[in-house]
Amino acid sequence: MTETRPVTLLTGAAGGIGSEIARQLAPAHDLILTGRGGAALDNLCAELGARALVLDLLQPETFAEAAAGLGRVTNLIHNAGMVELGHVAEQPHEAWTRTLALNTVAPAELTRVLLPRLRQERGNVIFVNSGAGLTANPGWASYAASKFALRALADSLRAEEAPHGVRVSSVYPGRTATAMQRKVRKQEGGEYQAEHYLDPVTVAATIAFVLGAPRDAVLSDVSVRPGPR
């Protein structure tokens, strides 16, 4: 890592959107890619010359120790997330607890731990949210609740950190052709048709665009939807 290139930490790096974000940023950023470990993360780091940080997002009490030796962090991109569909009348509290812990509590705590570095760099925090963070549909209550809360976290953080020069953005992708989307369509009992969804490369390019906005602008909320084919 150099003293001039931005250092960007990305969660959920081995996933469909995460790996494409990493590839988009690699030419101009030093990357710290987080995940639960394994071949996919190792191979991506080897491909991009990135640093791996094994992190269990369901154990936020470990974040401070894990981050202690990181050095500079200019940008933080919260991309990791999970979805488990179910009606309120049927979904157990364990599903709610796990979803909120991963999608909302983990980003809040990781941001808190890294804020001194982000302030020093006058950096950026990007929350990869979801269309479900804007509209809650039947069967999506726990996921939408976690994403509505993530939006609230971003909005509060944006106002709090503006005096410190830290920019905060939320990006709301629509349905994207990833393994998670395949799982969602199975839960919905529908067919997975990748051509009807956003390409992960498109979502990654949008996030890179938000990250690269001129310093006198904050792209606070950006929605991305499939366009005409």
Check: Just how far, in whole angstrom, is region 176-208 from region 209-229 if you go by their alpha carbon centroids?
Finding: 19
Notebook entry, point to check: Amide H neighbours of Val125 under 5 Å, counting only residues 5+ apart in sequence or on other chains, H built in-plane at 1.01 Å?
Noted result: Leu76, Arg167, Val168, Ser169
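Please report the net charge: other residues with Cβ closer than 10 Å to the Cβ of Arg215, K and R +1, D and E -1. Write out the running numbers ahead of the final one.
Details: positive: Arg122, Arg167; negative: Asp216.
Residues close to Arg215 contribute a combined charge of +1.
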Next item on the list: Quick one: among Ala213, Ala50, Ala26, which has the greatest mean-square fluctuation in a GNM of the chain with alpha-carbon springs under 10 angstrom?
Entry: Ala213
Next item on the list: Name the residues whose placed amide hydrogens come within less than 5 Å of the amide hydrogen of Gly139, ignoring near sequence neighbours (fewer than 5 apart) on the same chain.
Entry: Val88
Next item on the list: Report which label in (1) 50, 37, 35; (2) 52, 42, 29; (3) 58, 35, 31 holds the value of Cα extents along the principal axes in Å derived from the coordinates of this structure.
Entry: (1)
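Could you work out the local net charge near Gln193, counting Lys and Arg as +1, Asp and Glu as -1, over the other residues with Cβ closer than 11 Å to its Cβ? Mind dumping the intermediate values first?
Details: positive: Arg175, Arg182, Arg185; negative: Glu191, Glu195.
Combined, the nearby Lys, Arg, Asp and Glu give +1.
Around Ala14, with a cut-off of 13 angstrom between Cβ atoms, what is the net charge of the other residues, counting Lys and Arg +1 and Asp and Glu -1? Intermediate values should be presented prior to the final figure.
Details: positive: Arg23, Arg36; negative: Glu20, Asp42, Glu47.
Net charge in that neighbourhood comes out at -1.
No value in this document is a laboratory result; all are computed from the given coordinates. In this text the structure is predicted, and so the values were computed from the model without any measurement. Every residue, glycine among them, receives a Cβ derived from its backbone with ideal geometry; neighbour counts consider all protein chains shown.
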